[in-house]
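See below for the structure under consideration.
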Amino acid sequence: MYDVVIIGGGPSGLTAAIYASRAGLNALIIEKAGCGGQMAITDALENYPGFSSVNGFELASKLEEQARNFGAAIIYEEVVEISDGAVKKVKTVGAQYETKTIIIASGTNAKKLGAAGEENFIGRGVSFCAVCDAPFYKNKTVAVVGGGDSAIQEAIYLSKFASSVFVLHRRDKLRAAKSLQNKMLSHQNISVIYDVAPEEICGKEKIEKFIISNVKTGEKTDLKVDGIFVFIGLTPNSAFLQYVALDENGYIIADENMKTNIAGIFACGDVRKKHLRQVVTAASDGAQAAVSALDYIEKQGDSLVK
Ligand code: NAP
């Protein structure tokens, strides 16, 4: 039986594993894909303390190494269910793990556009990751949908490859931080088109045009683009949870000590209801979740031992 099973290997889960295993807990991370989460597909983090700029994949690899060095185990499986009790169970597609505590650090996934034609082109023209796919668009024209930090950060990254980048935003004011907006201004090949909504992605083998409409006038425009990058926000990975309290958007409700409504189950990082979703706040959450798990185990004492 594990002391703590951590669901998700992003910055919050890895930090929880570092703190838990360093404190002597027997910790297991169960990660669906690869460690690092959203951070691993971020080209440059410029606001992580101590680094003027650091590549997200590199930082993720360092966190993973640190967690392993302290003794945490990492397996790659998808969690489908968790159950409560003095001994908690975490079920994956092919196995079941017993544990005294659970830390949910399952993060978020990119939202899809919902525009006609989108599904046909996912993976062959429609992308949710600039770092992964930007090199395919060398000297081509791309559209970025969204007006938040991700959209602007990724548009800047894409501008190093594509000849033109159109940022399409549904309002007349960007949501992204001013610092990112200012940085974008120095990239001459990025232009922002305001007040537009995606309508349809058209083409046969590849994308030929992106039909967008002006939300104020209804006027439709055919945008000739080779690729479309979608950054319109995130949905929490919480659908596998049955008894853990969620807010109306599916984020886990946990207190400042990362405690959920169920004793011994903690939540941290982007999947938690909170105001600021950053790598640094994810790491902070992870540290707190591990300390809360340790407190819980110490207070429960022998009652947790099978
Ligand atoms: P976000 O902040 O939720 O922004 C989503 C953007 O997409 C908004 O501009 C929104 O428009 C637009 N949008 C939403 N639904 C849409 C739809 N159906 N069609 C068209 N546009 C739509 O999401 P995010 O940019 O992915 O960021 C997520 C979190 O990560 C945020 O907390 C962000 O601060 C953080 N983050 C931080 C950094 C950094 O610090 N460098 C980098 C990346 C992400 P409205 O503005 O009209 O709502």
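The values are calculated or read from the model by the stated rules, or taken from the named source; none is laboratory data. Not measured: the values here are computed from a predicted model. Positions of Cβ are backbone-derived with ideal geometry, glycine not excepted, and every protein chain shown enters the neighbour counts.
Among the candidates Ala60, Ala20, the residue that is of a type in the set (A, V, I, L, M), within 17 Å of Gly107 (Cβ to Cβ) and not assigned by TED's automatic domain parsing to the domain that holds Phe161 is uniquely Ala60.
Within the range 54-111, the set of residues being at positive phi and either surrounded by 14 or more Cβ atoms within 10 Å (Cβ to Cβ) or under 18 Å from the mean Cα position of the chain (by Cα) (or both) comprises Gly71, Gly107.
Residue pairs whose Cβ atoms lie under 9 Å apart, separated by 6 or more positions or on different chains, with the first residue in the range 139-153 and more than 20 Å from Asn214 (Cβ to Cβ) and near the ligand (Cβ under 6 Å from one of its atoms) and the second of a type in the set (Phe, Trp, Tyr) and not in a strand (DSSP E or B), are Gly148/Phe231; Asp149/Phe231; Ser150/Phe231; Gln153/Phe231. Of the residues making up the range 165-194, just one is within 11 Å of the ligand (Cβ to nearest atom), closer than 28 Å to Ile211 by Cβ and of a type in the set (Gly, Ala, Ser), namely Ala176.
Taken over the range 134-149, residues that are among the charged types (D, E, K, R) and within 17 Å of the chain's Cα centre (by Cα) amount to 1.
For Ile156, indicate whether it is among the hydrophobic types (A, V, I, L, M, F, W, C) and in contact with a His (Cβ under 7 Å, 6 or more places away or on another chain). Yes: the conditions hold for Ile156.
Okay, residues lined up against (1) under 17 Å from Thr101 (Cα atoms); (2) touching a Leu at 6+ places or on another chain (Cβ under 8 Å); (3) not hydroxyl-bearing (Ser, Thr, Tyr):
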| site | (1), (2), (3) |
| --- | --- |
| Leu241 | yes, no, yes |
| Tyr251 | no, no, no |
| Lys259 | yes, no, yes |
| Asp270 | no, yes, yes |
| Ser284 | no, no, no |
| Tyr296 | yes, no, no |
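Taken over the range 166-208, the residue count meeting the criterion of being of a type in the set (S, T, N, Q) and not in a loop (DSSP other than H, G, I, E, B) is 4. When each of Leu59, Leu113 is tested for being of a type outside the set (S, T, N, Q), within 16 Å of the ligand (Cβ to nearest atom) and assigned to a helix (DSSP H, G or I), the lone residue that passes is Leu59.
Here the range 116-129 is the region considered, the condition is being part of a strand (DSSP E or B) and out of contact with any Phe, Trp or Tyr (no Cβ under 7 Å at 6 or more places or on another chain), and the residue that is farthest from Ala283 (Cα to Cα) is Ala116. So for the range 235-251 (the condition being exposed (fewer than 15 other Cβ atoms within 10 Å of the Cβ), at pLDDT 95 or above and of a type in the set (D, E, K, R)), does at least one residue qualify? Yes: one or more hits.
Just one residue in the set Ile228, Ile211, Ile232 is outside any loop (DSSP other than H, G, I, E, B), surrounded by 14 or more Cβ atoms within 10 Å (Cβ to Cβ) and within 13 Å of the ligand (Cβ to nearest atom); that residue is Ile228. Selection of the range 125-138 for residues being in contact with a strand residue (DSSP E or B) (Cβ under 8 Å, 6 or more places away or on another chain) and away from the ligand (no atom under 13 Å from the Cβ) yields Gly125, Val126, Ser127, Asp133, Phe136, Tyr137.
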